[in-house]
1. All but one of (1) in contact (Cβ under 8 Å) with a residue 60 or more places away in the chain; (2) touching a strand residue (DSSP E or B) at 6+ places or on another chain (Cβ under 8 Å); (3) at negative phi hold for residue 170; state the number of the condition that does not hold.
2. Restricting to the range 207-238, name every residue that is crowded, with 22+ Cβ neighbours inside 10 Å and either without any contact (Cβ under 8 Å) to a residue 60 or more places away in the chain or aromatic (Phe, Trp, Tyr) (or both).
3. Among 189, 287, 194, which is the only one that is crowded, with 16+ Cβ neighbours inside 10 Å and free of Cβ contacts under 8 Å to residues at least 24 places away in the same chain?
4. Just to be sure before I move on: is residue 205 of a type in the set (Gly, Ala, Ser) and within 23 Å of residue 229 (Cα to Cα) in the structure I sent?
5. Which condition breaks for residue 250 when tested against (1) touching a Pro at 6+ places or on another chain (Cβ under 8 Å); (2) outside any strand (DSSP E or B)?
6. Which one of the conditions (1) of a type outside the set (A, V, I, L, M); (2) out of contact with any helix residue (DSSP H, G or I) (no Cβ under 9 Å at 6 or more places or on another chain); (3) open to solvent by 30 Å² or more (accessible area, probe 1.4 Å) does residue 181 fail to meet, given that it meets all the rest?
7. Looking at the range 239-250, I want the residues that are closer than 14 Å to residue 209 by Cα and have a partner that is modelled with pLDDT of 95 or more and among the charged types (D, E, K, R) with Cβ atoms under 6 Å, at least 6 apart or on another chain. Which pairs are those?
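The values are calculated or read from the model by the stated rules, or taken from the named source; none is laboratory data. In this text, all values refer to a predicted model and were calculated from it rather than measured experimentally. Quick reminder, even Gly has a Cβ in these numbers, built from the backbone with ideal geometry, and neighbours come from all protein chains shown. Areas reflect the complete protein model, heavy atoms only, side chains present, ligands, DNA and RNA absent. Shrake-Rupley method; radii C 1.70, N 1.55, O 1.52, S 1.80 Å.
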Amino acid sequence: MMNLNSKIFVAGHRGLVGSAIVRKLKKKGYKNIITVNRSRLDFTNQKKVYNFIKKIKPKFIFIAAAKVGGIKLNENYKADMIYNNLAIQTNLIDSAYKSGVKSLLFLGSSCVYPRNCAQPIKEEYLLTDQLEKTNDAYAIAKIAGIKMCESYNEQFKTNYKCIMPTNTFGPNDKYDKFGSHFFPALIKKIHEFKIKNKKEITLWGNGNAKREMIYVDDLADACVYFMNNKFKGTIINIGTGRDFKIKEYVKIIGNVIAPGKKIKIKFDQTKPNGTPRKLLSISRSKKHGWSPKTDLRDAIFKTYKDFLKKNQVYKD
């Protein structure tokens, strides 16, 4: 269990989840948090990663470092996705073990589960059927990370845990045209709809795919909580237990950032829908005493404020 003076290394501290983990640790009073910029350490370089971890000797490691993106990035750059993620996580996990780090938390993804899973998705559904083709390279890399943690626990008696989060959003998200996930893309589209007085917004596919969303600060809270608390097995789902169709999120987000405006949707059905539904079973996390705390509307409002702060060009 971490104490306030424990040496804690957060890999990927500048990303969406990593930055939230750092915020949460600081808020809880942890004083010895170690981070490193990409310009100083390339996580795909095995020797440098090992030398770095051996030198700093952390007691706990959070692995939030990853190459991530939306459906277009995952579909068009599969080689980049599988190579970079395999290299990053392999180097960090193995270097942790070789440096004597017994406690590690690896961030997985809900996309590791089969495309046509029974809903809600339980942890034991992993590897029971085919993956979604548009992001299978990324998913396979994440599955390898899970099995690596599981295998090290079995062979070397380590305490390596894997968090499986649902779709995540919040401060420090990406809003670029081709690399962002659907939720930040919707925030940007609806904001531009508002300030430019557009008549409609365009959605990929038919808008009927269902997605569960979690606010990143809730996910970070879960990461810290489960680093400090035991659970049976290696993996545990983190979500909210509630999902909506993507086209329904247009209205939900619109009511927060463009209240009173009716948004017309144009569907681009030449583009993929992705997995039909991804609703995680969160019975295991609830059983172990954790559940999300942030209301969806409040989370959208906080995220929108961060969007405006980081994207001055989009302000009214």
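1. Going through (1) in contact (Cβ under 8 Å) with a residue 60 or more places away in the chain; (2) touching a strand residue (DSSP E or B) at 6+ places or on another chain (Cβ under 8 Å); (3) at negative phi one by one, residue 170 breaks only (3).
2. Residue satisfying the conditions is 215 alone.
3. On the way: 287 fails: crowded, with 16+ Cβ neighbours inside 10 Å; 194 fails: free of Cβ contacts under 8 Å to residues at least 24 places away in the same chain.
When all the criteria are applied, what remains is 189.
4. Numbers: of a type in the set (Gly, Ala, Ser): yes; within 23 Å of residue 229 (Cα to Cα): no.
The answer is no for residue 205.
5. Only one criterion in (1) touching a Pro at 6+ places or on another chain (Cβ under 8 Å); (2) outside any strand (DSSP E or B) is unmet by residue 250, namely (1).
6. Failed condition: (2).
7. 243/210; 243/211; 243/212; 245/210
Per-residue answers, yes or no, for (1) at pLDDT below 95; (2) of a type in the set (Lys, Arg):
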site: 205; (1), (2): yes, no
site: 213; (1), (2): no, no
site: 216; (1), (2): no, no
site: 226; (1), (2): no, no
site: 235; (1), (2): no, no
site: 241; (1), (2): no, no
site: 271; (1), (2): yes, yes
